[in-house]
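K.L.:
Okay, here's the structure, questions in a sec.
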Amino acid sequence: MAVTARARKTRHGLKALGRRVRLNLADIQRGLRDVEPGQILLCALLGGVVGLAVALLREGVFRLHAMAFAMAPGSFLSSGIGIPRARLVLVPVLGGLLLGLAAMWRRARLAGEGGDIVDPIEANALFGGKMSLRASCWLTFTTLLSNGAGASLGMEAGYTQLGAALFSRIGQYFRLRRIDLRMFVTAGAAAAIGAAFNAPLAGAFYGFELILGNYNVRALAPVIVAAVSSALAERSVSHMQALFDVTHVLPVSANRSYLLFVLLGLGAAAVAILAMQAVSWTEQGWRRSRLPEWLRPAMGGLALAAIAWFSPQVLGSGHGAIQFHFEIDWALPALAVLLAAKLLASAISVGSGFRGGLFSSSLFLGVLFGAVFARGAAWFAPALAAQQATFMLAGMGAVAAGVVGAPLTMVFLVLEGTGDFSVTVAVVIAVTVAATLVRMLFGYSFATWRFHLRGLGIRGAHDVGWIADMSVRRLMRSDPKCVQEDMGLAALRRAFPAGSAKRLYVVKAGGAYAGGIDVSDLHDREIDEAVVGGVAADLAVWPDLYLLPFENIRTALARFETAQTEDLPVLDSASGRKVVGYMTEAYALKRYTQEMERMRNAELGTKDLFALGPTPSRS
């Protein structure tokens, strides 16, 4: 009996402890929304987790390359040294086949649940920072598989997807506000890039430029803390060499050399645009081939193997090849051929269905273009040959800035890698010219170009999802004054005296909308003679001007401007035409302005004044 009583007491104690823990977690969930230092601390902890995950994934890629391509431990695939010829062909083809079968299995398993995997930019632009951790893990796995098979792509897409999704999942658990959740997604992506390149400043500005879409004072501390902690965590467990180690970079010798960096930026913009266009061209080619979708990665692997047979350096992300070309000088024709081969291999890899991004590939393309440019310039001015490494660094930043769409990220990446201010100035010039020219002539980065091809009308991570959230259904009034079309005007005047309402909505016998009547027009003395025999249908106007519940506030405001009216009816559908409410232009403008101001205050880190009071009246 004593044992039973003791066991019962223990169970009660454990239940009480569980209740206290749940209550404490609930308090933490509520409190973290308003405690900025707590959010910063959480970003630091999660940043360390992301740094460890990046180090683990990188080690996994090394081991896959070592096994699949029979490489020496610690060597890079893209260096192209000592790879058996048979494996150059077999591994990309078999890896592509495995990737295609895995994608087919997932589509069959998730039939009817589908949709594309939301990436960090899309999440911040359309979904308020909400991402699926499970789907992101799958994308990271397929990116790992693609990279392990030798695809001419980098792992950065997988890193940022996993980092941003982890931060998003934790942010959703703590029920963070929309602005804070977007900030967490930014911090997660920044942490991933900071760890991937051992460059926390580059990671932070990658988050600001690409994932958040602007520089946000409130996001400064969480994003930088996450990037720094991830880089420190990665350094503590990884012995990976730096992306590049340039010990022979010379300062820019003369002011006239800066003009050459302007020309370099112009050429880099052309390379960036060509790289992005080549991806869409190859995708169109694969679609026209009518090959089954699951077979395309294997055929892409075969095409990639054919290129790698002559230029093995096209395989992989290009990290090892970047350092290789800083140490060994190639002749101009060989550099030009490798540049074209790498560009084609990257386009084939993306277009055929391998998963990954062009971040690392664009860095390698830039290094090759910078070397080609320096070799060509040395024909006319031999003294420039001594500055080839500087041109390679500038080309690396310029091409990558054009492709990725993050110019300051590339500047800081070079600055953190070299610590040389004079070289950084040269890089700034080339990056600025390339990024500006790509924006003016092409209008997209690689990520936003992909959105454009998918039919998504977004140009970056600026939050436009709130516009969809502010739907007509949420903003309309549900008490419209409806009258039958055969109702006499005299009776209508008696039922709705002047000043009792602004607009009446005329409906047919079946309830379909037939037009609107302004009450002031109904009581106009000029129609007194027509009132005796007239009906409501005689005064009804604009039957084709209305709103639908699913339309957003921006569409509604455009419709008001077209109609030049103060209110519009809301119909259930374009076919049914049942009047379910109405919306006023004044209220729509007020709510739109308030939301814009709220977002501006959130970006500046100031108080949201509209959150302090009650919701304004809709009248």
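Where a number appears in this text, it was derived from the coordinates with a stated rule and is not lab data. Everything quoted here is computed from the prediction, not taken from an experiment. Positions of Cβ are backbone-derived with ideal geometry, glycine not excepted, and every protein chain shown enters the neighbour counts.
K.L.:
Checking the table Lys481/Lys590; Lys502/Lys578; Lys130/Lys578 against a 25 Å threshold on Cα-Cα, which pairs fail?
P.N.:
Result: Lys130/Lys578 exceed 25 Å.
K.L.:
Continuing with this model, one more query. Rounded to the nearest 500 deg cm²/dmol, what is the calculated helix-only ellipticity per residue at 222 nm for the chain, with -39500 (n - 2.57) per DSSP H run of length n ≥ 4?
P.N.:
-21000 deg cm²/dmol, from helical runs alone.
K.L.:
Quick check: pseudo-label points 7 Å beyond the Cα along Cα→Cβ at Tyr258 and Asn214, how many nm apart are they?
P.N.:
Between Tyr258 and Asn214, the label points sit 3.1 nm apart.
K.L.:
Highest mean first, how do 208-214, 533-539 rank when packing is the count of other Cβ atoms within 10 Å averaged over residues?
P.N.:
Per-residue Cβ counts within 10 Å, averaged per peptide and sorted highest first, yield 208-214, 533-539.
K.L.:
Suppose each label sits 7 Å from its Cα in the direction of the beta carbon; what would the Ala574-Leu274 distance come out to in nanometres?
P.N.:
So the two model labels end up 4.4 nm from each other.
K.L.:
Moving on to the next point. Can you give me the Rg/Rh ratio for segment 31-237, using Cα atoms for both radii and the Kirkwood formula for Rh?
P.N.:
Rg divided by Rh gives 1.02.
K.L.:
Quick one: Tyr159, Tyr546, Tyr215, fewest Cβ neighbours within 10 Å first, how do they rank?
P.N.:
Tyr215, Tyr546, Tyr159
K.L.:
Shifting gears a bit: For Trp379, project a label point 7 Å along Cα to C-beta. Then give me every residue of segment 316-334 with its amide nitrogen under 20 Å of that point.
P.N.:
Backbone N within reach: 329-334.
K.L.:
Next question, about the same structure. Could I have the simple spin-label model distance between Val35 and Leu291, label points 7 Å from Cα toward Cβ, reported in nm to one decimal?
P.N.:
Rounded to a tenth, the inter-label distance reads 5.5 nm.
K.L.:
May I pose another question? Placing +1 on the Cβ of each Lys and Arg and -1 on the Cβ of each Asp and Glu in the chain, which of Trp309, Thr562, Gly47 has its Cα farthest towards the positive end of the resulting dipole?
P.N.:
The residue sitting farthest along the positive end of the dipole is Gly47.
K.L.:
Could you compute the FRET efficiency for Trp542 and Phe442, with r as their C-beta to C-beta distance and R0 at 45 Å, rounded to 0.05?
P.N.:
0.60
K.L.:
OK, next. Enumerate the helices in the chain for which the Kyte-Doolittle hydropathy averages 1.6 or more and the C-alpha atoms extend at least 24 Å along the helix's axis, using complete DSSP H runs.
P.N.:
Membrane-span-like by this criterion, though nothing is claimed about a membrane: 332-352, 421-441.
K.L.:
Output the Cα-based Rg and Dmax of segment 472-611 in Å, rounding Rg to one decimal and Dmax to a whole number.
P.N.:
Answer for segment 472-611, Rg first and Dmax second: 17.8, 63 Å.
K.L.:
On average over all directions, what projected area in square nanometres does the chain have, based on the convex hull of its Cα atoms?
P.N.:
Orientation-averaged projected area of the Cα hull: 40.5 nm².
K.L.:
So, one more: Using the C-alpha gyration tensor of segment 256-465, what are the square roots of 5 times its eigenvalues, in whole angstrom, with the largest one first?
P.N.:
Semi-axes, largest first: 29, 22, 13 Å.
K.L.:
Still on this structure, I have one more. Is the shape of segment 121-241 best called rounded, prolate or oblate, per the rule: a/c under 1.5 gives rounded, else a/b larger than b/c gives prolate, else oblate, with a ≥ b ≥ c the square roots of the Cα gyration tensor eigenvalues?
P.N.:
Cα axes put segment 121-241 in the oblate bin.
K.L.:
While we're here: Which of Ala490, Leu522, Val506 sits farthest toward the positive end of the charge dipole of segment 472-611, with +1 on the Cβ of Lys and Arg and -1 on the Cβ of Asp and Glu?
P.N.:
Val506
K.L.:
Please state the charge dipole magnitude for the chain, taken about the Cα centre, from unit charges on C-beta atoms (+1 on K and R, -1 on D and E), reported in debye and rounded to the nearest 20.
P.N.:
2520
K.L.:
Rounded to the nearest 0.05, what FRET efficiency is calculated for Gln284 and Ala86 with R0 set to 25 Å and r the Cβ-Cβ distance?
P.N.:
With a Förster radius of 25 Å, E is 0.20.
K.L.:
Between Gly581 and residues 5 or more places away or on another chain, which pairs have amide H atoms under 5 Å apart, with H built 1.01 Å from N, and which residues are they?
P.N.:
Amide H neighbours of Gly581: Val570.
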